[in-house]
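*Asks:* Here's a structure for you.
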Amino acid sequence: MRHISKFFFSVCIVLLSFLGNAQEKTTIKKDSIPPKKERYGLRVGVDLFKLTRSFYETDYRGLELVGDYRLTRRHYLAAEIGNEDKTVSDDQVNFTTKGTYLKAGFDYNSFQNWGNMENIISVGLRYGVSSFSQTLNSYQVYNPNPYFGESPVIISGEKFDGLSAQWIEVVAGMKAEVLSNIFVGFSVRLNRLVSQNRPNNFDNLYIPGFNRTYNGDFGIGFNYTVSYFIPLYKATVKAKKKEESKKKKK
C-alpha cells in the first residue's frame, strides 16, 4: 500500500511538472506573436476619366488631382482639386465654361480587411467651391410657331467673369491595391448646390467640379482614379476587449 501511494504521488508530481512546462511554453508562444501594425500615410493620384476625356473630346479640357490622408483606422481626410474648360452646344445655346474647383471632406472605410490588405469601400462627404467664367458664344431665340422658319443663330461672345458656386457632395466609392502602394478606384457623387453667383441675363448651366445644372440644384458625377500611397508611419492595432455582460433575472 505504501509503495502504491509513493507511485501515485510520483505520478502526480510528474503530471504537475508537465502541465506547468506546457503552460509556460504556451505563454511564451502567445507572447512571441508580434502585435499587428497598420500603415498610415498620404495617398495622391489623378482622375483618369477627366485626363483621358481631354484626348478624345475636342470641346473639353480637364484635370483633377485627388488625395487622402489616413486619420484613424476608419476615417480619412480627403480632397480633390482640378480645373475644367468645357464648351456645351445645345439646340438653342452654345457656351464655354472655364474655372477651377476644390473639394474637401472625409471618407469612412466600411471594409474589414484581412491580413495586410489595405482596400477601401467608403462613404463620405465633401464641400466644394468653384470659381469660373462663362462665355456665351451664340444663341437662338426660341420660336414657338416656326411657320415662317426657325429664328437665326445670333453670335454673341459676351463673357461673364467672377462667377462662383458652393455645394455639398455625398460620395460612395472604393479603392483596391493592384500593385505595391498603387491603388485603382472609382466613386459616384450626388451633388446639391448651396449657393451660386449667377450672371446677368444668363445662368450657370455648367459649373466646374459640379457638372451640369439643368436639373435644378442637384447634379451627379463620378471619377476613376489611380493613386500612389506614401507610408509615413505605423500604428499598433489595439486588441478588442471582451466585455462580459450579465443578464439580470427579473
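*Asks:* Within the group 93, 153, which residue is more than 30 Å from residue 227 (Cα to Cα) and either open to solvent by less than 80 Å² (accessible area, probe 1.4 Å) or not hydrophobic (A, V, I, L, M, F, W, C) (or both)?
*Replies:* Working: 153 fails: either open to solvent by less than 80 Å² (accessible area, probe 1.4 Å) or not hydrophobic (A, V, I, L, M, F, W, C) (or both).
93 is the lone residue from the list that is more than 30 Å from residue 227 (Cα to Cα) and either open to solvent by less than 80 Å² (accessible area, probe 1.4 Å) or not hydrophobic (A, V, I, L, M, F, W, C) (or both).
*Asks:* While we're here: Give the stretch 178-204 a look and list any residue that's within 26 Å of residue 134 (Cα to Cα) and touching a Lys or Arg at 6+ places or on another chain (Cβ under 7 Å), or say none.
*Replies:* Scanning the stretch 178-204 gives a single hit, 204.
*Asks:* Looking only at the stretch 81-98, how many residues end up being touching a Gly at 6+ places or on another chain (Cβ under 8 Å) and in contact (Cβ under 8 Å) with a residue 60 or more places away in the chain? Let's see the steps before the verdict.
*Replies:* Within the stretch 81-98, the first condition is being touching a Gly at 6+ places or on another chain (Cβ under 8 Å), and the residues that meet it are 82-86.
Still in the running and in contact (Cβ under 8 Å) with a residue 60 or more places away in the chain: 82-84, 86.
Here the count works out to 4.
*Asks:* For a quick check of your reading of the model, give me the residue pairs whose first member lies in the stretch 138-163 and is at pLDDT 80 or above, whose second is outside any strand (DSSP E or B) and not polar (S, T, N, Q), with beta-carbon atoms closer than 6 Å and at least 6 apart or on different chains.
*Replies:* Hits for this filter: 160/199.
*Asks:* Taking residue 194 as meeting all but one of (1) open to solvent by 50 Å² or more (accessible area, probe 1.4 Å); (2) closer than 17 Å to residue 47 by Cα, write down the number of the exception.
*Replies:* If we test residue 194 against (1) open to solvent by 50 Å² or more (accessible area, probe 1.4 Å); (2) closer than 17 Å to residue 47 by Cα, just (2) comes out false.
*Asks:* In this structure, is residue 109 over 28 Å from residue 176 (Cα atoms) and out of contact with any helix residue (DSSP H, G or I) (no Cβ under 8 Å at 6 or more places or on another chain)? Spell out how you get there, then give the answer.
*Replies:* On the way: over 28 Å from residue 176 (Cα atoms): no; out of contact with any helix residue (DSSP H, G or I) (no Cβ under 8 Å at 6 or more places or on another chain): yes.
So residue 109 does not fit the description; no.
*Asks:* A further question follows. Give the stretch 56-67 a look and list any residue that's within 14 Å of residue 227 (Cβ to Cβ) and touching a Ser or Thr at 6+ places or on another chain (Cβ under 8 Å), or say none.
*Replies:* Passing the criteria: 66, 67.
*Asks:* Scan the stretch 156-175 residue by residue and report those that are among the aliphatic types (A, V, I, L, M) and open to solvent by 30 Å² or more (accessible area, probe 1.4 Å).
*Replies:* Across the stretch 156-175, the qualifying residues are 168, 170, 172, 174.
*Asks:* Just one of (1) more than 28 Å from the chain's Cα centre (by Cα); (2) of a type outside the set (A, V, I, L, M, F, W, C); (3) in a strand (DSSP E or B) trips up residue 105, so point out which.
*Replies:* Every listed condition holds for residue 105 apart from (1).
*Asks:* Which of the residues spanning the stretch 179-229 are of a type in the set (A, V, I, L, M, F, W, C), over 21 Å from residue 99 (Cα atoms) and without any contact (Cβ under 8 Å) to a residue 40 or more places away in the chain? Let's see the steps before the verdict.
*Replies:* Residues of the stretch 179-229 that are of a type in the set (A, V, I, L, M, F, W, C), as a first pass: 179, 182-184, 186, 188, 190, 193-194, 202, 205, 207, 210, 218, 220, 222, 226, 229.
With over 21 Å from residue 99 (Cα atoms) added as a condition, the list becomes 179, 182-184, 186, 188, 226, 229.
Correct list: 179, 186, 188.
*Asks:* Within the stretch 96-129, can you find the residues that are closer than 17 Å to residue 47 by Cα and open to solvent by 30 Å² or more (accessible area, probe 1.4 Å)?
*Replies:* The answer is 100, 102, 104.
*Asks:* Also: Please note which strands (runs of 3 or more DSSP E) are completely contained in the stretch 1-92 and include at least 3 residues that are modelled with pLDDT of 95 or more and in contact with a helix residue (DSSP H, G or I) (Cβ under 6 Å, 6 or more places away or on another chain). Write out each step before concluding.
*Replies:* Working: elements: 37-47, 60-70, 75-89.
Of the strands (runs of 3 or more DSSP E) lying wholly inside the stretch 1-92, those with at least 3 residues that are modelled with pLDDT of 95 or more and in contact with a helix residue (DSSP H, G or I) (Cβ under 6 Å, 6 or more places away or on another chain) span 60-70.
The values are calculated or read from the model by the stated rules, or taken from the named source; none is laboratory data. Predicted model only: the values in this text are computed from it and were never measured. Neighbour counts run over all protein chains shown; Cβ positions are idealised from the backbone, glycine included. Side chains are part of the model used for accessible areas, which takes the heavy atoms of the whole protein and leaves out ligands, DNA and RNA. Shrake-Rupley method; radii C 1.70, N 1.55, O 1.52, S 1.80 Å.
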